[in-house]
Structure formats: structure tokens, C-alpha cells
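Accompanying notes for the structure given below.
The values are calculated or read from the model by the stated rules, or taken from the named source; none is laboratory data. As the structure is a computational prediction, the values presented were derived from the model and not from experiment. Here the Cβ is made from the backbone with ideal geometry for all residues, glycine too, and neighbour counts use every protein chain on show. Remember, those area values only see protein heavy atoms, side chains included, never the ligands or the DNA or RNA. Shrake-Rupley method; radii C 1.70, N 1.55, O 1.52, S 1.80 Å.
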Amino acid sequence: MGKILVLDELTANQIAAGEVVERPSSVVKELVENAVDAGSSRIDVWVEEGGLSRIVVRDNGSGIEADDMQTAFFRHATSKIVHSRDLFSIHTLGFRGEALPSIAAVSKLECISSTNNNGLGRKLVIEGGKVLSIQDISCSQGTEITVNELFYNTPARLKYMKAIQTELGHISDYIYRMALAYPHIAFSLTHNDSELLRTHGDGQLLHAFAAVYGTTTAKQMIAVEGEDLDYKLKGYVSPPGLNRANRNAITFIINGRYIRNFTLNNGLLQAYHTLLPLHRFPMAVIQIEMDASLVDVNVHPAKWEVRFSKEQELFAFVKAHVSKLFATQTLIPSGYTASANPTVPAPKQVQEQLKWETPNVSDTRKPSFESYREIDNDFEMKEVRENVQKWIADEQVANQTTSVEQPRFPQLEPVGQVHGTYIVAQNEQGLYLIDQHAAHERIHYEEFYEKFGNPEPISQELLIPITMEFNPTDARIIESKIPLLAQVGVVLEPFGPQAFRVISHPYWLPKGEESATIEEMIEWILGEKKGIDLHAIREKSAILCACKASIKANQALTNLDMMKLLERLAGCENPFTCPHGRPIVISFSSYELEKMFKRVT
């Protein structure tokens, strides 16, 4: 008798559930995506105890035909593909036909659905994959699926669920992303009778962004858009002064699908190069449309990750359009403190307070606070909604511009110096504080970066070569990098088994700092674990030289010195941040000054 058996339907469904239903957020994801594909204009989600006790997803979409109600819960049953070739051009969010039977296999599920508004519908009850009842009922158009006691019959899976606040964090994060991906759909999320999100579904991405992150944050965002033969991009990115400690506030949406992709993230971050401090990240929501044949959504079981057929071209496309945007913006942050203009935190700000960490692969996020309800009690969703509604009613749009074209960097008149460190300047718009070292560093960085790109005609041979000695391991590494150093004008030659002589270097290296600068360049090369190319060493060398050549804090400047510094800064490609991403200029508008002094309300 043969040993190979065909598994029964219930066992097969439970195995499929192990792939599809990883945690409560997986259930929410599958049900919400079905609701989107059904053409819904409103999707409401209720969860109890992080989704482990109860999940309800209700929509007003096209509904399930009465004759299809039971069929929808068969494995590999789907209305979204017909032929195998359809897999290569996916236009929906769900298509595998395993979600509903997998969820039903590990829960107590009820499905109510109607395809019209005549009041007639059908209700299906399934427990552990077995149909208990199916009957005609009265209901409105759309579908409502209730999932009770998730994993009740798979205790091993239930055992490995995380704390309620962790599971809720995954659910809320997903719903926030979907609200951004589909601003024309009104979303709501409620946990244990506490409403965490409500969007208006008016089709305005910035309004959805405001519902998630708060109106104050939304008003600071900058609109970005672009198009070429393959891609169309639109969305919002934060000015460099508005940043976060992690990547959680970056959302990429490809053809309506929220995805995670290193290349896209890297393209965005490259556009912020030298605009952000180390370990700080922008906020962004970017929608990209492309032909479905250019993206493969089948590479990840949960469809979080995708594969692009022209990945490097897409990387360059994102970087180029965001960089082009910043080249036209005045990126001077306001010094007007948040305490002077308090705002009610929005739901997404709750997630910021979670301080996500990444301990391991199986549990990709873990909140470091003890109780989500403590955060719940810290804000009133009613006030958040009212703020968003008022903003929409007032038709306020972020980044409004006047008809009078303003220079990218304002014309400033220096009026003094604070502690020999900060230049105080003014113009008709208000007051400005300038970090003199950061300003000088930016000026020198751009000059040195250009010079390191053309080092040969301006290198000079040394009458007395600089000698440097290293341990045997480092010496072998340095010897292999001699050609790379020569490309930026620093010429080394071996001088014994562990020593080298610098026989030539650019004459414009900071005076008196030549030896120290070259030593730091070499130390950086030795410490760099990743591959080093000409661009990287050119940039690092420019940063090192700029820092050493620039005026320091506690250095007095004359009024003429300050004027010349501001003139040179205005001529920079990026006059707003130093090479390390710190702000150079902070502004206080005349209105903000008057408000701080209570001259206006």
C-alpha cells in the first residue's frame, strides 16, 4: 500500500493558514484588501484585544453573490484571475484564493453579504473550517466579516502571539498605510471601543495624511510629482527639518499596493543626502504608477515585497525627482517652538511613541512601552478629527506660494553675533540665526567636493614627504587603495614593509592640517566595511577638509566678515544644512515673534 496520501480539505486549509494567517494583522490585511477590490468607498474595522478576541471588517462594496457565498470559502476560489497568464499582470490586491478558507480554518467566522440595496442578503457561519449554517437575511449592500477567537483550534500558533499592544501596533500600522494608499476610501479603525483613526475619503492624499499624522505635520509636507515613459510619481515628502528616528513614516505605494522595498527607500534617502543628520529619516508618502508587467507581486507570501524589472531605473527616478524638488525649495526651519503652538497628537504619533525596535526576524517590531491604553488616554481622537475637519473646511493647503517669486535663499542683513558662534540677521520677513561654523563648513564642502573631482592639475609634490606607519594588516589594505587615493590627488608610495610616504597632495588642503587630514582619510578607508568607490572617498575627503578649514565656535567676526559669509552661503547649491545634515539657518517670522511676545493671538 502506498505511503503518500492526499490531505483532507480541513488539514490542507490549516496548513495554508500557517502561510497566510501569521497574526491578527494578517486577517485584517486580507479582509481589507478584499473590501478594496470590491470597490468600497467606506471600510470600517473593529478589533478587540489586539484582534485575538474579535475582528470585524465591514464595507459597502459590491458584495458576494448568494450563489457564490459558500464557494468563496473553497481553496483557490477567486474572482480575480481566470488564466495563469493573469498572474503576470496583477491589477487587484488579492488573488490567491486562499485567504478566506485559511481564516475560516482557524477561527469562528461569520460572513454577511449583499450585492444590492433591496435589503436581501445571505449569512454564512463557519467554525474551524466547517460550515455550520447558511441562510438568507436582511442586510444592506456590502460585506461584513466577523472573525472570533482567532487560532482557538491551533493552540501552538496562539501560544506564540505577542502582547495585545504589539498585535494592535501591526494592525494600526497597516490600516494607516491603506488610508494613505486609498484616500478616496473612508477608513475607520476602532480598538476596544476607542477610535484610533477616521479618514474622510474625499480623495485628497494630504487630508488622509493629516488624519494619520496630524494637521500641523501635514501642513509642512511638500508636494512632489514626476513622470517619465515608465513611471508616474506623486505624493508628499517632509522638509529636512521634519524628520524621525526611524523609517516608519516612509510609505511607498505601487499601483495602489503598500510595499516595502530597500531600493525605493534608498532612492528617497539619497535625495536627502547631507540634508538630514545621521540616523534621522524623512516622512514621506509616495504613490508610483507603472505598467503591471513591470512589477512582480508574487515574491512574498503576504505581498509586502515586490520585484521590479527595472529596479535601478526606478531608484534613479525617485532620487532625481525628490532631489529636483529640494533644489527649488527654501529649506529653513522655523525656530518657533512646538510649545508655543501646541497641537493635539494624531493616531500615527501614538505609533511614534511606541519606539519600534527590531529584535529578530519572526517578531519584526516590538513596542517598548507597557500599555497601549496609557497612550490611548493621552489624546482625544475627537479633537484630532475636529482639527482635520476644520482644516479641510478652511481649504488650507500645505506649501501655498504667493504670486511674487522669492529668492531661494533670503537676502539677509547681519546685525550681530551671539557667543561668537551664531550670526544674528534680519530682513523684512523676520529674524534669522545662522550657525557660522555650519555655514562655513557647507561653503568649504561644496568647494572641496568640486576640487577633489579634478585633482591632477592642482596636486603638488612635496619637498619633504610625509611618512606614515601602520601595522602589517592595515598596510596591505592601504597598498591596495593607493590607486583610489591617487584619483583624489593624494599620491602614496611604499616606504618599507609597513610604512608609506605621501609624495604629493592637493595644494589647497587646509593649511597646517595636511598631515592630519590625510591620516583621517586613510583611517576612514581602513574602517569602512562596505565597498569604497571614487564618489565615497571624494565626498568623505571633502567633508574632512571642510570641517578642518572652517571657522569654529567662539570666534569673533566683524560685520564685514559676516556679510561675506552670508553672501558665499547664498551662492551654495544647498545653503540650508552642513555636510552632516545639521541646519545652518533657523528663522523666526515677524508674526511668530509677535505671537511669542503676545502682541497677537
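Structure above, values below:
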| read-out | value |
| --- | --- |
| All positions within the stretch 62-85 that are at pLDDT 85 or above and part of a loop (DSSP other than H, G, I, E, B) | 62, 63, 64, 65, 69, 70 |
| Among the candidates 311, 305, residue that is modelled with pLDDT under 90, in contact with a helix residue (DSSP H, G or I) (Cβ under 6 Å, 6 or more places away or on another chain) and not hydroxyl-bearing (Ser, Thr, Tyr) | 311 |
| Which listed residue, of 229, 233, is open to solvent by 10 Å² or more (accessible area, probe 1.4 Å) and either free of Cβ contacts under 8 Å to residues at least 40 places away in the same chain or not charged (D, E, K, R) (or both) | 229 |
| Unique residue being buried (at least 21 other Cβ atoms within 10 Å of the Cβ), closer than 18 Å to residue 388 by Cβ and not hydroxyl-bearing (Ser, Thr, Tyr) when the list is 168, 124, 189, 150 | 189 |
| Of residues in the stretch 527-573 being within 32 Å of the chain's Cα centre (by Cα) and over 29 Å from residue 475 (Cβ atoms), the one surrounded by the most Cβ atoms within 10 Å (Cβ to Cβ) | 569 |
| Flag for residue 50 being modelled with pLDDT under 95, buried (at least 20 other Cβ atoms within 10 Å of the Cβ) and either over 26 Å from the mean Cα position of the chain (by Cα) or not basic (Lys, Arg) (or both) | yes |
| Among residues of the stretch 586-601, those that are in a helix (DSSP H, G or I) and of a type outside the set (Phe, Trp, Tyr), counted | 6 |
| Listing of strands (runs of 3 or more DSSP E) fully contained in the stretch 115-209 that carry 1 or more residues being within 28 Å of residue 223 (Cα to Cα) and among the aromatic types (Phe, Trp, Tyr) | 186-191 |
| Filter result for the condition that a residue is at pLDDT 90 or above and buried (at least 23 other Cβ atoms within 10 Å of the Cβ), over 59, 37, 44 | 59 |
| When residues of the stretch 127-147 are limited to those that are surrounded by fewer than 19 Cβ atoms within 10 Å (Cβ to Cβ) and among the aliphatic types (A, V, I, L, M), the one nearest to residue 114 (Cα to Cα) | 137 |
| Hits in the stretch 264-290 - residues which are polar (S, T, N, Q) and open to solvent by less than 20 Å² (accessible area, probe 1.4 Å) | 274 |
| Hits in the stretch 509-551 (condition: among the charged types (D, E, K, R) and under 17 Å from residue 438 (Cα atoms)) | 539, 540, 548 |
| Long-range neighbours under 6 Å by Cβ, at least six apart or interchain, first residue touching a residue at least 60 places away in the same chain (Cβ under 8 Å) within the stretch 117-135, second surrounded by fewer than 17 Cβ atoms within 10 Å (Cβ to Cβ) and among the hydrophobic types (A, V, I, L, M, F, W, C) | 129/10 |
| Test: residue 99 is open to solvent by less than 20 Å² (accessible area, probe 1.4 Å) and at pLDDT below 90 | yes |
| Residue satisfying condition, being open to solvent by 20 Å² or more (accessible area, probe 1.4 Å), closer than 21 Å to residue 539 by Cα and either out of contact with any Lys or Arg (no Cβ under 8 Å at 6 or more places or on another chain) or among the polar types (S, T, N, Q) (or both), within set 428, 413, 469, 447 | 447 |
| Inter-residue pairs, beta-carbon under 7 Å, first of a type in the set (Ser, Thr, Tyr) and in the stretch 505-524, second in a strand (DSSP E or B), 6+ apart | 507/460; 515/466 |
| Hits in the stretch 21-47 - residues which are within 18 Å of residue 150 (Cβ to Cβ) and part of a strand (DSSP E or B) | 45, 46, 47 |
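Residue by residue, here is whether (1) touching a His at 6+ places or on another chain (Cβ under 7 Å); (2) crowded, with 16+ Cβ neighbours inside 10 Å; (3) in a helix (DSSP H, G or I) holds:
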| residue | (1), (2), (3) |
| --- | --- |
| 465 | no, yes, no |
| 479 | no, no, yes |
| 488 | no, yes, no |
| 497 | no, no, no |
| 501 | no, yes, no |
| 505 | no, yes, no |
| 512 | no, no, no |
| 518 | yes, yes, yes |
| 521 | no, yes, yes |
